[in-house]
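Novice: Dumping the structure here so I can ask a few things about it.
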Amino acid sequence: MSSTPPLTATDVMAIAAEREIRFIRLWFTDILGQLKAFSINAAELPDAFEGGMGFDGSSITGFNAIEESDMIAVPDPATFAILPWGDPAHGVARMFCDIKTPEGIPYEGDPRHVLRRAVARAGAMGFDHFYVGPELEYFYFRDAKSTEVLDEGGYFDLTTLDAGSDLRRDTVLGLEALGIQTEYSHHEVGPSQHEIDMRYADALAMADHCMTYRITVKEYALKYGLHATFMPKPLFGENGSGMHTHQSLFKDGRNAFYDERDPYFLSDVGKAFIAGQLRHAREISAIFAQWVNSYKRLVPGYEAPVYVAWSRRNRSALVRVPMYHPGKEQATRMELRCPDPACNPYLTFAVLLQAGLEGIEHGYELPDPMEKNLYHLSPDERRRLGIEQLPETLGEAIELTAQSELVLRTLGEHMFNRYIEIKRQEWDDYRVQVTPWELERYLPVL
């Protein structure tokens with residue numbers, strides 16, 4: 001991990017003066033993980049750091065109603081970065097903000113606060129780091145109104161088919177200019193589908209990175225006259241876009257998941273953490289797969305896992321524990337394969353951490369790994385083995401979440417109630433639609 005000390009408010013003001021940065025965008029997210037921003041003049045930086053900048057939160061999805069809408073955005077100097085797109089002559093920078101009430105109390109509807117609270121629980125249990133390494137897949141299309149692909153390439157293809165190679169390279173350079181380390185970039189399985197992998201980081205920094213990654217991918221696509229989308233399943237009959245999420249806990253500089261004496265090289269902590277995520281997977285599904293479209297991806301046969309089990313090699317399981325390599329103890333981790341890249345990363349990392357900590361605190365037992373291809377088992381065989389399935393629709397998922405004491409504790413009452421309300425409305429809006437599929441299927445014969 002980077003050993004550079006985080007920037008302070010003084011550092012930020014000095015850099016802004018030295019680089020002649022005129023405007024600073026203050027970034028935060030709404031309850032659904034949509035990026036929100038407003039700009040301040042560099043001259044306002046001292047005030048912003050001292051007391052935050054006020055704004056009206058009543059129009060932000062999931063924030064307070066109009067009668068208590070005053071909010072304060074307090075910039076986090078450690079997240080200062082100069083944006084690599086736009087006019088180089090008039091530098092623009094950004095900082096992520098924590099949202100507070102006028103009384104200076106963290107606002108309970110701020111997703112960043114929800115994740116901070118989860119990380120604090122891990123700290124209280126003796127863990128110094130919750131490291132996360134998500135792999136966000138996405139598609140390039142000709143424009144925002146169609147799903148016309150740029151190529152017919154496949155996984156790791158490097159041919160003229162991969163029309164996104166130059167665009168992907170520019171995007172990687174843009175991410176690095178923003179201080180985000182990348183490890184891999186490649187063509188994914190679907191036509192015009194891509195992935196850039198960021199180096200793992202602490203959960204809060206990584207959630208910020210995910211937000212930055214999504215807008216960076218979109219901004220560079222726009223420069224090429226194209227559209228990038230993180231929609232989970234834009235193309236029928238092709239793989240959807242996932243966000244496989246690698247996770248580990250560290251304690252006193254050591255990986256808390258590793259145990260050299262265990263046949264799987266997993267400690268009791270690691271096993272209980274994985275067991276927590278498996279046991280609570282169904283009730284947190286509406287957080288890591290939060291859109292109607294998410295459940296078009298979570299179907300058997302397209303590399304998206306739907307069966308609640310873990311494995312070491314088998315990619316049809318919800319959780320994979322990558323094989324241990326001697327000398328790589330620190331790399332011991334679990335990979336949750338069901339989240340998608342259109343989730344709210346702050347809430348997703350928060351519920352994953354809380355579910356894992358629940359497993360540790362209550363000593364959940366990890367079942368045996370399932371090394372068979374779960375798609376090939378009959379429903380009866382899966383039932384006999386006690387293998388549950390993720391919800392099949394957002395409607396089913398949100399009702400499970402509505403009953404979840406874990407999600408209520410993770411989000412807090414205000415955000416929990418708003419989230420359930422917003423998602424139930426989305427499901428209702430979808431349910432009453434008459435789709436082209438129905439018209440094609442039924443209109444001629446019924």
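The values are calculated or read from the model by the stated rules, or taken from the named source; none is laboratory data. Small disclaimer: the values here were computed from a predicted structure and weren't measured. Cβ coordinates were reconstructed from backbone atoms using ideal geometry, including for glycine residues, and neighbour counts include every protein chain displayed.
Novice: Out of Pro341, Pro326, which single residue is farther than 29 Å from Phe28 by Cβ and either in the same structural domain as Val217 (by TED's automatic domain parsing) or in contact with a helix residue (DSSP H, G or I) (Cβ under 6 Å, 6 or more places away or on another chain) (or both)?
Specialist: Pro326
Novice: Give the residues of region 152-171 that are at pLDDT 65 or above and under 14 Å from Glu137 (Cα atoms), sorted by residue number.
Specialist: Gly164, Arg168, Thr171
So that you can scan it fast, the table gives a plain yes or no per residue for (1) assigned to a loop (DSSP other than H, G, I, E, B); (2) in contact with a Ser or Thr (Cβ under 9 Å, 6 or more places away or on another chain); (3) touching a residue at least 40 places away in the same chain (Cβ under 8 Å); (4) loosely packed, with under 13 Cβ neighbours inside 10 Å:
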{"residue": "Phe28", "(1), (2), (3), (4)": "no, no, yes, no"}
{"residue": "Ile31", "(1), (2), (3), (4)": "yes, yes, yes, no"}
{"residue": "Ile40", "(1), (2), (3), (4)": "no, no, no, no"}
{"residue": "Pro46", "(1), (2), (3), (4)": "no, no, no, yes"}
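Novice: Hey, another quick one. Kindly indicate the residue of region 267-321 that is of a type in the set (D, E, K, R) and part of a loop (DSSP other than H, G, I, E, B) and also nearest to Gln425 (Cα to Cα) among those meeting that condition.
Specialist: So the residue we want is Glu303.
Novice: Please name all residue pairs, on different chains or six or more residues apart, with Cβ atoms under 7 Å, provided the first residue is in region 407-421 and is in contact (Cβ under 8 Å) with a residue 12 or more places away in the chain and within 12 Å of Leu32 (Cα to Cα) and the second residue is hydrophobic (A, V, I, L, M, F, W, C) and surrounded by 15 or more Cβ atoms within 10 Å (Cβ to Cβ).
Specialist: Within 7 Å, the pairs are Met415/Ile31; Met415/Val114; Arg418/Ile31; Tyr419/Ile31; Tyr419/Leu411; Ile420/Ile398; Ile420/Ala402.
Novice: For residues that are within 17 Å of His246 (Cα to Cα) and surrounded by 20 or more Cβ atoms within 10 Å (Cβ to Cβ), scanning just region 288-310, find the one that is nearest to the chain's Cα centre (by Cα).
Specialist: Phe288
Novice: Output the number of the condition that Met370 fails; it satisfies all remaining conditions of (1) of a type outside the set (Lys, Arg); (2) within 27 Å of Ala124 (Cα to Cα); (3) not in a helix (DSSP H, G or I).
Specialist: Of the numbered conditions (1) of a type outside the set (Lys, Arg); (2) within 27 Å of Ala124 (Cα to Cα); (3) not in a helix (DSSP H, G or I), the odd one out for Met370 is (2).
Novice: Let me ask something additional. Determine which member of the set Ala331, Ala272 is surrounded by fewer than 24 Cβ atoms within 10 Å (Cβ to Cβ), in the same structural domain as Gly190 (by TED's automatic domain parsing) and in contact with a Gly (Cβ under 7 Å, 6 or more places away or on another chain).
Specialist: One residue alone meets the criteria, Ala272.
Novice: Check region 176-183 and report whether any residue there is hydroxyl-bearing (Ser, Thr, Tyr) and either closer than 24 Å to Asp30 by Cα or in a strand (DSSP E or B) (or both).
Specialist: yes
Novice: Among the residues of region 131-141, is there at least one that is at pLDDT 95 or above, crowded, with 18+ Cβ neighbours inside 10 Å and within 22 Å of Ser39 (Cα to Cα)?
Specialist: no
Novice: So in region 8-26, with the set limited to residues that are assigned to a helix (DSSP H, G or I) and in contact (Cβ under 8 Å) with a residue 24 or more places away in the chain, which one is surrounded by the most Cβ atoms within 10 Å (Cβ to Cβ)?
Specialist: Only one residue fits best here, namely Val12.
Novice: Considering Leu408, Leu352, Leu347, which residue is assigned to a helix (DSSP H, G or I), surrounded by fewer than 17 Cβ atoms within 10 Å (Cβ to Cβ) and not acidic (Asp, Glu)?
Specialist: The unique qualifying residue is Leu408.
Novice: Quick check on this structure: which one of Phe230, Phe265 is modelled with pLDDT under 95 and either buried (at least 18 other Cβ atoms within 10 Å of the Cβ) or under 19 Å from Ile196 (Cα atoms) (or both)?
Specialist: Exactly one residue qualifies, and that residue is Phe265.
Novice: Report the residue count in region 79-127 for those that are exposed (fewer than 13 other Cβ atoms within 10 Å of the Cβ), out of contact with any Lys or Arg (no Cβ under 9 Å at 6 or more places or on another chain) and small (Gly, Ala, Ser).
Specialist: Residues in region 79-127 being exposed (fewer than 13 other Cβ atoms within 10 Å of the Cβ), out of contact with any Lys or Arg (no Cβ under 9 Å at 6 or more places or on another chain) and small (Gly, Ala, Ser): 6 in total.
Novice: Across region 251-262, what is the total count of residues that are buried (at least 18 other Cβ atoms within 10 Å of the Cβ) and under 12 Å from Gly126 (Cα atoms)?
Specialist: 1
Novice: Among the candidates Gln403, Gln433, single out the residue that is polar (S, T, N, Q) and within 23 Å of Arg279 (Cα to Cα).
Specialist: Matching residue, one of Gln403, Gln433: Gln403.
Novice: Moving on to the next point. Checking the condition touching a residue at least 60 places away in the same chain (Cβ under 8 Å), out of contact with any Leu (no Cβ under 8 Å at 6 or more places or on another chain), outside any loop (DSSP other than H, G, I, E, B) and not aromatic (Phe, Trp, Tyr), which residue from Arg117, Arg121 passes?
Specialist: Arg117 is the lone residue from the list that is touching a residue at least 60 places away in the same chain (Cβ under 8 Å), out of contact with any Leu (no Cβ under 8 Å at 6 or more places or on another chain), outside any loop (DSSP other than H, G, I, E, B) and not aromatic (Phe, Trp, Tyr).
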